[in-house]
2 protein chains.
Amino acid sequence: MKLTHLPVMDLIAAFGSPNPTPGGGSASALAGAAGAALLAMVAAMPRNRAPTAEDAGLLQATGARCGKLGDALLELVDRDSEAYDAVVAAYRLPKTTDDEKAARKAGIQAAMKRAAETPLETMRCAAEAIEAAPVVARLGSASAASDVVVATELLSAAVRGARANVEINLESLEDTAYVERLREEISEIDRRCSRVPSS
Amino acid sequence: MKLTHLPVMDLIAAFGSPNPTPGGGSASALAGAAGAALLAMVAAMPRNRAPTAEDAGLLQATGARCGKLGDALLELVDRDSEAYDAVVAAYRLPKTTDDEKAARKAGIQAAMKRAAETPLETMRCAAEAIEAAPVVARLGSASAASDVVVATELLSAAVRGARANVEINLESLEDTAYVERLREEISEIDRRCSRVPSS
C-alpha cells in the first residue's frame with residue numbers, strides 16, 4: 001500500500017507511530033507537494049493579474065510546472081520511505097561468512113546512497129517551485145496572496161527538512177567523492193533558494 | 001466528505017485545483033499535523049536517551065501531548081476550509097432590501113471572525129508543539145535527530161503560514177477591538193516561538 005493512497009488521517013497516524021518509516025523524509029516531501037500544488041492553484045485561479053497575453057502564458061506555464069513538481073514531490077513521499085526501508089533491510093542481511101559480510105556492507109552502502117539521493121531529489125523539486133513562486137505572486141490572483149506565502153513557507157520547510165535527511169545519510173557513506181558531490185549540490189540548492197525574493 | 005478522509009493524493013490534487021478551498025489555511029494545518037506527529041513518533045521510539053525514570057516520564061508525556069496536538073491540527077485541516085466556505089456563502093446572501101443587506105453584512109463579519117480564529121488555533125497548536133521539540137530533541141532517540149529537525153521546520157512553516165491566513169481575514173473586519181486582540185495574540189505566539197532554541 002502506497003502512503004499517498006492512504007487517507008490523510010492514516011498517513012498522519014503513521015508519522016506518529018514509533019516505526020521509523022514514514023518519517024521526516026516523507027513528511028518533507030508531503031509539505032513540498034502541498035506547497036507546489038498551492039502555487040498551481042493560485043496560477044490557475046480566474047482574475048489573475050497578467051497584463052499581457054505573454055504574461056498570461058508565463059503564468060499558465062509556471063502553474064503547470066508547479067503542478068508537475070507537486071506530482072513529483074507526492075511520489076517522493078512514497079519513494080523516501082521505500083529507500084529507508086531498503087537501508088533497514090540491508091542491515092538485516094546475513095553477516096556470518098566473509099562473503100556475506102562483504103555483500104552486506106556493499107548492500108548497506110548502495111541503499112544509503114539511494115536514501116541520500118531521494119531527499120536530494122525532494123530538495124531539487126521544492127527549490128524549483130520556490131523559484132517559480134515570484135511569478136505566481138506577481139501575476140496570480142491578488143486574493144490568493146496568503147496562499148503564495150503558505151506555499152513558500154511549506155516549500156522552504158521541505159528543502160530544509162529534506163536537507164537534514166540527505167546529510168544524516170551521507171554520514172554513513174564511505175565514497176568520499178560521492179559525498180563531496182552531494183554536499184556541493186546541497187549548498188548550490190541553498191544558494192539558489194536564498195536568492196529568491198520573499199513573497 | 002472531510003478532507004482528512006481523502007486519499008493523500010486527492011488532497012494534494014484538491015490543493016492544486018483552482019477552487020479557493022482547500023487552500024493555504026488547510027495546508028498550514030496539514031504541515032503542522034505532520035510535524036507534531038513526527039515529534040510523537042520520536043518520543044515513542046525505543047532506545048531513547050532519558051537517563052532517569054522522571055525524564056522518561058517527561059518524554060512520554062511530551063510525546064503524548066504532541067500526538068494530541070497533531071490530532072487537533074488534523075481537525076483544523078477540515079475546519080479551515082469549512083470556515084472559508086462559510087465566508088463565501090455569506091457573501092452570496094441576498095442583498096436587495098435593507099434588512100437583507102444588514103443581515104448579509106453581519107453574516108460576513110461573523111464568518112470572517114471564524115475564518116480568522118481557525119488559523120489562529122493552528123498557530124496556537126503548532127507553537128505549543130514547537131515548544132515541546134527541545135524535550136524530544138534532548139531525550140528522544142538519537143537516530144531520529146533529522147526527524148526532529150523536519151518536525152520543527154514543518155511546525156514553523158505552519159505557524160507562519162497560518163499567520164498569513166489570520167492576517168488576511170483580519171483586514172476585512174470592522175470590530176477594531178477584536179482585531180487588536182487577535183493581533184496581540186499573533187505577536188505573542190511569534191515571540192514564544194522565537195524563544196525556542198533550534199534543534
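The values are calculated or read from the model by the stated rules, or taken from the named source; none is laboratory data. Model, not experiment: these values are computed from the prediction. As a convention, Cβ positions derive from the backbone with ideal geometry for all residues, glycine included, and neighbour counts pool all protein chains shown.
Of the residues making up segment B:7-42, those that are assigned to a loop (DSSP other than H, G, I, E, B), surrounded by 18 or more Cβ atoms within 10 Å (Cβ to Cβ) and within 8 Å of another protein chain (Cβ to nearest Cβ) are B:PRO20, B:GLY23.
Name the residues in segment B:171-194 that are in a helix (DSSP H, G or I), among the acidic types (Asp, Glu) and in contact (Cβ under 8 Å) with a residue 24 or more places away in the chain, would you? B:GLU185, B:ASP190 - these are the residues of segment B:171-194 that are in a helix (DSSP H, G or I), among the acidic types (Asp, Glu) and in contact (Cβ under 8 Å) with a residue 24 or more places away in the chain.
What residue, among those in segment B:43-54 that are more than 7 Å from every other protein chain (Cβ to nearest Cβ) and surrounded by 20 or more Cβ atoms within 10 Å (Cβ to Cβ), is modelled with the highest pLDDT? Only one residue tops the list, namely B:ALA43.
Here is a check on your reading of the model: is A:PRO51 without any contact (Cβ under 8 Å) to a residue 12 or more places away in the chain and not in a helix (DSSP H, G or I)? Spelling it out, A:PRO51 is indeed without any contact (Cβ under 8 Å) to a residue 12 or more places away in the chain and not in a helix (DSSP H, G or I).
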